[in-house]
1. How high is the FRET efficiency from residue 22 to residue 93, r the C-beta distance, R0 45 Å, rounded to 0.05?
2. Taking the beta-carbon count within 10 Å as an exposure proxy, list 47, 177, 213 from fewest neighbours to most.
3. For 203, 212, which order do you get if you count the other beta carbons within 10 Å of each Cβ and list the fewest first?
4. Check every DSSP H run in the chain and write down those whose alpha carbon atoms cover 15 angstrom or more along the long axis and whose mean Kyte-Doolittle hydropathy is -0.5 or greater.
5. Which part of the stretch 122-150 falls in the paramagnetic zone of residue 104, meaning amide N under 20 Å from the point 7 Å along Cα-to-beta-carbon?
6. Could you pull the Cα extents of the chain along its three principal axes, largest to smallest, in whole Å?
7. For residue 63 and residue 9, compute 0.36 nm times the residue count separating them, minus their Cα-Cα distance, and round to one decimal in nm.
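Any read-out appearing in this document is the output of simple, stated calculations on the displayed coordinates, not a laboratory observation. Just so it is clear, the structure is predicted and the values come from calculations on it, not from any experiment. Reconstructed Cβ throughout: ideal geometry from the backbone, glycine too, with neighbour counts over all protein chains shown.
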Amino acid sequence: MRPPQGWEEIRAEVLRRIDRRDWRPGATIPTEEQLAAEFGCARATVSRALRELAGAGVLERRRKAGTRVATHPVRKATLDIPVIRLEVEGRGQAYGFRLIDRATAVPPPAVAARLGLAPGQRLDRFRTLHLADGRPTALEDRWLNLAVLPEPPPADVSLNEWLVKTVAYTYGDISFSAEAATPDEALLLETPAGAALFITERTTWAGEAPITSVRLAHAPGYRLRTVV
């Protein structure tokens with residue numbers, strides 16, 4: 001039998017091994033590097049297949065603990081990293097974005113702790129305003145580890161979209177909250193200071209290397225949808 005070629009075939013092969021009890025519930029499966037060597041493909045291809053299975057509840061993935069076959073597989077809600085341009089255009093609006101500023105600096109302690117950075121480690125910070133029909137819809141505050149990127153990000157595409165399409169992540173976490181708009185956020189989002197904003201905070205890694213930590217402040221009226 002020829003080795004799997006694409007991530008869909010690798011996903012099917014992993015499922016076959018689980019169904020045959022080659023990998024039993026609770027067992028740790030081979031690493032992405034081992035599977036990529038076995039299947040003769042890129043690690044990113046294996047990562048995509050395992051992410052899909054983790055999203056379906058078949059696998060359990062933990063940073064620094066490897067990937068295990070779920071003991072009690074369950075159906076999970078799926079939440080893909082959204083591309084803001086597609087969200088805006090899906091509402092029938094014209095999308096635009098504006099880079100507010102970029103700098104290289106030491107992240108604040110909360111961001112450094114989430115990313116597991118060494119003391120004093122510097123990252124690139126990008127602040128971007130996303131627009132819908134010319135009006136602000138989201139304020140993106142992103143810390144990015146350029147060392148893990150396959151190439152420098154282009155200047156004419158938003159980092160949100162470019163990273164989703166270009167950089168394969170292994171693990172991630174995401175949180176949601178409602179917070180009052182700071183004076184700076186209110187000015188950029190053209191909303192009253194203190195207005196309730198929907199906040200998304202997300203961190204992703206490639207293996208043990210942090211990729212990015214991003215905070216998205218959505219203008220009032222934003223709605224998040226997922227699939228169950």
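1. Calculated transfer efficiency: 0.35.
2. Placing the least packed residue first, the sequence is 177, 47, 213.
3. Taking fewest neighbouring Cβ atoms as first place, the list is 203, 212.
4. The answer, listed by residue number, is 43-55.
5. The answer is 122-128, 142-150, whose backbone nitrogens lie closer than 20 Å to the label point.
6. Computed over the Cα atoms, the extents are 59, 40, 30 Å.
7. 17.0 nm
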